[in-house]
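Contents: one structure, followed by commentary.
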Amino acid sequence: MSEAKNFLLGCAVWAYKGWIGDFYPANSRQADFLRLYSQRLTAVEVNSTFYAVPNKETVRRWAAETPPGFAFCPKLPRDLTHRGLLQPSIPGALQFLELRQEFGDRLGPIFMQLPPQYGPALLDDLASFLRAWPNKSVPLAVEVRHPDWFREPYAGTLTSLLEQLAIGRVLLDTRPIYQGPDDPQIGNERRKPKLPLQPTVTAPFSLVRFISHPQRELNQSFLEEWAVRVNTWLRQGTQVYFFVHCPIEARSPGTARAFQQMLEQNGAPVPPLPWNALAVPPTQLALFR
């Protein structure tokens, strides 16, 4: 990236109409969403690539609409990661990497999400795929969901493999959405697995996916824990990408901003959030109460 940052903060999407009038100014056009988003936050997951690969012209336009230092973190397509073995998908993964030229210096780590049925019995297959990935030029992070990856000896074996190859581990934190009683607001998000958090750093960067609860107070203790951890990692030289999700996506930007403020209050060495340099119209104030 042309303006390297040690800490990048964002959400899972940018094209969310429910942000108009709060995160985005009133009467914002959908065509302006990405530009407005990148004036406020510094990174975004690109989950849409999980379902369909954009053409080069689209990616080129995305990059042009964002400022230097902004980062896109695309997810590998499910056709590559959710069809059984990974080795047959190596040619397709290398073809997907052709898009990196269009992202230019706006490309952050790419991440791959493995399905819940992809367990440690397939370790050799995973290792073959990761060794074929050109990690020195395009950083990669892996998200595992089979419960056995979180138990020994498999947890240690996976960590060793990722460390050996300098591949990142996606840290999926779903604990907030399992707080409190069942809530229809978070029913869909509870399809995300209830797995232990193993906050290990296996590469020069860490990629965190924080699944926040719609009720801000139920996130507080977890965000405080993350603030301490991220502060430590940053001081050790680890680059951190932190993405906030929420079952009610309208609340994700406010939670992300609250986390930035928490890091600043803790004295963490984080760059200023571009959002804070913008004038906040009165209608936006309700988002932070």
From Ala52, Ala31, Ala12, residue being without any contact (Cβ under 8 Å) to a residue 12 or more places away in the chain and not acidic (Asp, Glu) = Ala31
Picking from Trp62, Trp14, which residue would you name as being touching a strand residue (DSSP E or B) at 6+ places or on another chain (Cβ under 7 Å), of a type outside the set (Gly, Ala, Ser), part of a loop (DSSP other than H, G, I, E, B) and at pLDDT 95 or above?
-> Trp14
Evaluate the following for Leu99: is it modelled with pLDDT under 95 and among the aliphatic types (A, V, I, L, M)?
-> yes
Counting only residues that are part of a loop (DSSP other than H, G, I, E, B) and modelled with pLDDT of 95 or more, how many does segment 1-11 have?
-> 1
Residue match in segment 24-47 (condition: closer than 27 Å to Ala93 by Cα, out of contact with any His (no Cβ under 6 Å at 6 or more places or on another chain), open to solvent by less than 50 Å² (accessible area, probe 1.4 Å) and part of a loop (DSSP other than H, G, I, E, B)) = yes
Does Arg145 fit the bill of being under 18 Å from the mean Cα position of the chain (by Cα), at pLDDT 95 or above and of a type in the set (Lys, Arg)?
-> yes
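Residue by residue, here is whether (1) of a type in the set (Asp, Glu); (2) surrounded by fewer than 19 Cβ atoms within 10 Å (Cβ to Cβ); (3) in a loop (DSSP other than H, G, I, E, B) holds:
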residue: Ala203; (1), (2), (3): no, no, yes
residue: Val230; (1), (2), (3): no, no, no
residue: Gly237; (1), (2), (3): no, yes, yes
residue: Pro247; (1), (2), (3): no, no, yes
residue: Ser252; (1), (2), (3): no, no, no
residue: Gln260; (1), (2), (3): no, no, no
residue: Pro271; (1), (2), (3): no, yes, yes
Identify, from the list Phe7, Phe72, the residue that is under 18 Å from the mean Cα position of the chain (by Cα), farther than 18 Å from Asn276 by Cα and either crowded, with 23+ Cβ neighbours inside 10 Å or touching a residue at least 40 places away in the same chain (Cβ under 8 Å) (or both).
-> Phe72
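Results for (1) at pLDDT below 95; (2) of a type in the set (Phe, Trp, Tyr); (3) in contact with a helix residue (DSSP H, G or I) (Cβ under 9 Å, 6 or more places away or on another chain), shown as yes or no for each residue.
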| site | (1), (2), (3) |
| --- | --- |
| Leu140 | no, no, yes |
| Ala155 | no, no, yes |
| Leu158 | no, no, yes |
| Ala166 | no, no, no |
| Tyr178 | yes, yes, yes |
Hey, among Ser212, Ser221, which residue is of a type in the set (Ser, Thr, Tyr), open to solvent by less than 10 Å² (accessible area, probe 1.4 Å) and more than 19 Å from Leu162 (Cα to Cα)?
-> Ser212
Has segment 119-138 got any residue that is of a type in the set (Gly, Ala, Ser), within 24 Å of Leu9 (Cβ to Cβ) and in contact (Cβ under 8 Å) with a residue 12 or more places away in the chain?
-> no
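The values are calculated or read from the model by the stated rules, or taken from the named source; none is laboratory data. Please read these numbers as outputs of a predicted model, since none were measured by experiment. No Cβ is skipped: glycine too gets one built from the backbone with ideal geometry, and neighbour counts run over all protein chains shown. Just so you know, the surface numbers come from the protein's heavy atoms only, side chains and all, with ligands and any DNA or RNA stripped out. Shrake-Rupley method; radii C 1.70, N 1.55, O 1.52, S 1.80 Å.
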